[in-house]
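Let me begin by presenting the structure, written as structure tokens, before commenting on it.
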Amino acid sequence: MEHQHTETEIAKSYVADVYELVKKRNPNENEFHQAVKEVFDSLVPVLAKNPKYIRHGILERMAEPERLISFQVPWIDDHGTIQVNRGFRVQFNSAIGPYKGGIRFHPSVNASIIKFLGFEQMFKNSLTGLPIGGGKGGSDFDPKGKSDQEIMRFTQSFMSELSKYIGPDVDVPAGDIGVGAREIGYMFGQYKKIRGHFEAGVLTGKGLTYGGSLGRTEATGYGTVYFVEEMLQDIGLSFADRTVVVSGSGNVSIYAIEKAQQLGAKVVACSDSSGYVFDEQGIDLATVKRLKEVEGKRISEYVTEHPHAQYYPGCSNIWSIPCDIALPCATQNEIDEIAANLLVSNGVLAVGEGANMPSTLQAIDVFHENKVLFGPAKAVNAGGVAVSALEMAQNSMRLSWSFEEVDTKLQEIMKNIYRSSVEAAREFNAPGNLVVGANIAGFKKVADAMISQGVI
């Protein structure tokens, strides 16, 4: 027992030392620090039981990207004025496969956010069981209010530089916030022109006419609900007849709402960056889809067509709405300690993170202390990258699978992620803690591959 105590103390000291090194090397990068701390704290029991990970310096190596690329993106707007944005790509870890992760276009994008996303992606991709490493990219470009021609010129300029660092067996980007089918199409066209040949596997989230996969659009939202359904089933519950609040109204949110409704839930609220709508009768998804996917309007327009619903400016108060299941699908740190306590006091049963790191560390503590079922992002929202990897497989084989085939594989992958997270949590004396379980399950596969490949 004393030996085990000593090993734990050594592991804690190692984690603390490496975390301090990360903060020193990456000053003022709060999002990155938060992501690293959340993972590192979970790994103490693994490091205590397997000191080989300490001997091989795995945490130091995992926390330092293999490559961080920052580049200028000049483009000309519709008025003929030259604009300059900054582009990023972080290639975090390639131990189990080519770098894989989305591209985000949003004014908030900086090195810290790209690194936090890439770090998380490493473990998320490992959890899928598919052979893909971790990466992420983006730009501080804001697509809102831009014309199609401006977006095309920007994405072509972005890809002109990014193309030097990616390829089907090197790094395979996809979409994220601000990057959908239109942006992926423009990027693919520019990459094809630069390279001079058709490499379908270089990007995922492509259109169906040029190598895309059925089910990719729905994958992250559907996968979020499939994971939460597994959590609920383990305690004899389901989505049927449950009240659900979903933040956001983008791709992930829309398809989480769709699948939750298909499973019999009543989704009563959704949001965008300006505010949220509450519809006691249940959100009309067809209206949301048309407003956001077709017309590009704000969610406030919902109440003009459904006057019984209420619109509230400011999106943070969406978590004051009583619900059984909360699905944060908007952005990082949208649920803080106050919002978490509100959800708990209103009787929330389960929280599933459809967005990346939408709950603060303090909020997660509140959920665990109050026995709320909590599914962490790297496990819950892995459905998108899982189907991206299935898209890569179809591209490699020059085949297209049916929607049903892809959806069946997605359901199986989400079940496996849930099971492996549950088992890892149980093995390391944290039963029911899926944050610990997902971190450990994702970590071990990458760490073992790194050791096998030597110090390179």
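Listed by first and then second residue, the pairs with beta-carbon distance under 7 Å, at least 6 apart or on different chains, first residue in the stretch 136-157 and surrounded by fewer than 24 Cβ atoms within 10 Å (Cβ to Cβ), second small (Gly, Ala, Ser), are Pro143/Gly178.
Residues in the stretch 264-285 that are under 10 Å from Ile321 (Cβ atoms) and under 22 Å from the mean Cα position of the chain (by Cα): Ala269, Tyr276.
When the residues of the stretch 185-217 are narrowed to those that are within 16 Å of Ser388 (Cα to Cα) and of a type in the set (D, E, K, R), which ends up farthest from the chain's Cα centre (by Cα)? Only one residue tops the list, namely Glu199.
The condition (being touching a helix residue (DSSP H, G or I) at 6+ places or on another chain (Cβ under 9 Å) and closer than 25 Å to Asp148 by Cα) is satisfied by just one residue among Lys266, Lys259, Lys292: Lys292.
Only residues that are assigned to a helix (DSSP H, G or I) and under 17 Å from Ser421 (Cα atoms) were counted across the stretch 377-395, and they come to 6. Only a single item in (1) within 20 Å of Lys259 (Cβ to Cβ); (2) of a type in the set (A, V, I, L, M); (3) surrounded by fewer than 23 Cβ atoms within 10 Å (Cβ to Cβ) is not met by Leu434, and it is number (3).
If you go through the stretch 62-89 one residue at a time, how many are surrounded by 17 or more Cβ atoms within 10 Å (Cβ to Cβ) and of a type in the set (Lys, Arg)? So the count comes out to 1.
Can Gly375 be described as within 23 Å of Ala240 (Cβ to Cβ) and crowded, with 24+ Cβ neighbours inside 10 Å?
When the stated conditions are applied, Gly375 passes them.
Taking every residue in the stretch 330-352 that is touching a residue at least 40 places away in the same chain (Cβ under 8 Å) and pairing it with any residue that is surrounded by fewer than 24 Cβ atoms within 10 Å (Cβ to Cβ) and assigned to a strand (DSSP E or B), at least 6 positions away or on another chain, the pairs with Cβ-Cβ distances below 7 Å are Leu349/Leu373; Ala350/Leu373.
Pairs are defined by a Cβ separation below 6 Å, a sequence spacing of at least 6 or placement on different chains, a first member in the stretch 311-325 that is in the same structural domain as Ser249 (by TED's automatic domain parsing), and a second member that is crowded, with 17+ Cβ neighbours inside 10 Å and among the charged types (D, E, K, R); the pairs so defined are Asp324/Arg242; Ile325/Arg242. Take the residues in the stretch 419-456 that are modelled with pLDDT of 95 or more and among the polar types (S, T, N, Q); name whichever of them is farthest from Met231 (Cα to Cα). Taking the candidates together, the pick is Gln453.
For the stretch 171-193, a residue qualifies if it is in contact with an Asp or Glu (Cβ under 8 Å, 6 or more places away or on another chain) and surrounded by fewer than 23 Cβ atoms within 10 Å (Cβ to Cβ), and the qualifying residues are Gly178, Arg182, Tyr191, Lys192. Among residues of the stretch 207-233 that are at positive phi, those with a beta-carbon under 8 Å from a residue that is outside any loop (DSSP other than H, G, I, E, B) and among the charged types (D, E, K, R) at least six positions away or on a different chain give the pairs Gly211/Glu391; Gly215/Asp407. Quick one: would you say Ala240 is of a type in the set (A, V, I, L, M, F, W, C), at pLDDT 95 or above and surrounded by fewer than 19 Cβ atoms within 10 Å (Cβ to Cβ)? Considered against the rule, which asks whether it is of a type in the set (A, V, I, L, M, F, W, C), at pLDDT 95 or above and surrounded by fewer than 19 Cβ atoms within 10 Å (Cβ to Cβ), Ala240 comes out as yes.
Note on the stretch 191-209: residues that are touching a Ser or Thr at 6+ places or on another chain (Cβ under 7 Å) and of a type in the set (A, V, I, L, M, F, W, C) amount to 1.
Going by the conditions given, is Lys297 touching a helix residue (DSSP H, G or I) at 6+ places or on another chain (Cβ under 8 Å), at pLDDT 95 or above and either on the phi > 0 side of the Ramachandran plot or of a type in the set (Lys, Arg) (or both)? It is false that Lys297 is touching a helix residue (DSSP H, G or I) at 6+ places or on another chain (Cβ under 8 Å), at pLDDT 95 or above and either on the phi > 0 side of the Ramachandran plot or of a type in the set (Lys, Arg) (or both).
In the stretch 96-111, is there at least one residue being more than 20 Å from Gly180 (Cα to Cα), assigned to a helix (DSSP H, G or I) and at pLDDT 95 or above? Yes, the stretch 96-111 contains at least one residue that is more than 20 Å from Gly180 (Cα to Cα), assigned to a helix (DSSP H, G or I) and at pLDDT 95 or above. The single residue among Phe158, Phe92, Phe119 that is closer than 19 Å to Glu60 by Cβ and part of a helix (DSSP H, G or I) turns out to be Phe119.
Summed over the stretch 416-437, the residues that are in contact with a Leu (Cβ under 6 Å, 6 or more places away or on another chain) and small (Gly, Ala, Ser) give a count of 1.
The values are calculated or read from the model by the stated rules, or taken from the named source; none is laboratory data. Here the structure is a predicted model, which means the values were calculated and not measured. Positions of Cβ are backbone-derived with ideal geometry, glycine not excepted, and every protein chain shown enters the neighbour counts.
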